[in-house]
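**Student:** Below is the structure I would like to discuss, written out as structure tokens.
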Amino acid sequence: MVTMLTTRTIESWTRLMRVSRAVMSAVEEDLKVAGLPSPLWYDTLLELSREAEGVRPYVLRERLMIPQYGVSRLIDRLVAEGLVLRRPCPQDGRGQVLSATDAGLELLDDMWPVYRDAIAGRFADKLGQDDLSTLGSILDRLAPDEA
């Protein structure tokens, strides 16, 4: 089915993409100014901290919604920094399991206050509860079924 796109639809799509990039760039800048790495590092360490047994790289890729090559490079960097541990998967001899190290968990804790304040100042403080409910409903309708 091909739906004709109205000017309003195209404008809304473009605005959504621009605002999303601008807000994420501002949050990233807030972290950078504080001497901290990108939100992607935080999000990765958070996902790894939630699973005591570790996370397979393909699961991490799905949760972070970044391409395979991006996950591979990110994990290589986090392992090199001593923030993530990579070990063989017991169920799959060729696979790996990833987990956050103590240093990774410390970085996660160090990043949270800056990340939290950036989210508040760049997003939450600009929206009322009704706005957040409406936005949540809209995003629920746009989310893929598996999200």
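The values are calculated or read from the model by the stated rules, or taken from the named source; none is laboratory data. Computed from a prediction, not measured in an experiment: that's the story for all the values here. Positions of Cβ are backbone-derived with ideal geometry, glycine not excepted, and every protein chain shown enters the neighbour counts. These accessible areas exclude ligands, DNA and RNA; they are computed on the full protein's heavy atoms, side chains included. Shrake-Rupley method; radii C 1.70, N 1.55, O 1.52, S 1.80 Å.
**Student:** Select from the range 118-133 the residues that are closer than 17 Å to residue 20 by Cα and assigned to a helix (DSSP H, G or I) and list them in ascending order.
**Tutor:** 118, 119, 120, 121, 122, 124, 125, 126, 131, 132
**Student:** Scan the range 120-142 and report the pairs whose first residue is under 22 Å from residue 31 (Cα atoms) and whose second residue is among the acidic types (Asp, Glu) and open to solvent by less than 80 Å² (accessible area, probe 1.4 Å), with Cβ atoms within less than 8 Å and a gap of 6+ or a chain change.
**Tutor:** From the range 120-142, the pairs are 121/30; 122/30.
**Student:** Identify the single condition in (1) closer than 24 Å to residue 117 by Cα; (2) in a helix (DSSP H, G or I); (3) not charged (D, E, K, R) that residue 70 does not satisfy, given that it satisfies every other one.
**Tutor:** So residue 70 meets the others, but not (1).
**Student:** Search the range 15-26 for residues that are touching a residue at least 60 places away in the same chain (Cβ under 8 Å) and pair each with any residue that is surrounded by 12 or more Cβ atoms within 10 Å (Cβ to Cβ) and not in a helix (DSSP H, G or I) when their beta-carbon atoms are under 7 Å apart and the residues are at least 6 apart or on different chains.
**Tutor:** Matching pairs, first to second residue: 23/123.
**Student:** From the list 61, 87, exactly one residue is basic (Lys, Arg), over 20 Å from the mean Cα position of the chain (by Cα) and open to solvent by less than 100 Å² (accessible area, probe 1.4 Å). Which is it?
**Tutor:** That would be 87, the only listed residue that is basic (Lys, Arg), over 20 Å from the mean Cα position of the chain (by Cα) and open to solvent by less than 100 Å² (accessible area, probe 1.4 Å).
**Student:** Of the residues in the range 95-114, how many are touching an Asp or Glu at 6+ places or on another chain (Cβ under 8 Å) and in contact (Cβ under 8 Å) with a residue 60 or more places away in the chain?
**Tutor:** 1
**Student:** Cβ-Cβ distance below 8 Å, separation of 6 or more or different chains: which pairs start in the range 71-94 with a residue that is farther than 14 Å from residue 57 by Cα and end on one that is open to solvent by less than 90 Å² (accessible area, probe 1.4 Å) and among the acidic types (Asp, Glu)?
**Tutor:** Listed pairs, sorted by first residue: none to list.
**Student:** Another question, then. Please give the number of the condition residue 111 fails out of (1) open to solvent by less than 30 Å² (accessible area, probe 1.4 Å); (2) in contact with a strand residue (DSSP E or B) (Cβ under 9 Å, 6 or more places away or on another chain); (3) in a helix (DSSP H, G or I).
**Tutor:** Status for residue 111: all satisfied but (2).
**Student:** Quick check, is residue 47 surrounded by 15 or more Cβ atoms within 10 Å (Cβ to Cβ) and in a loop (DSSP other than H, G, I, E, B)?
**Tutor:** no
**Student:** Select, from 4, 24, the only residue that is at pLDDT below 95, open to solvent by 60 Å² or more (accessible area, probe 1.4 Å), part of a helix (DSSP H, G or I) and more than 21 Å from residue 102 (Cα to Cα).
**Tutor:** That would be 24, the only listed residue that is at pLDDT below 95, open to solvent by 60 Å² or more (accessible area, probe 1.4 Å), part of a helix (DSSP H, G or I) and more than 21 Å from residue 102 (Cα to Cα).
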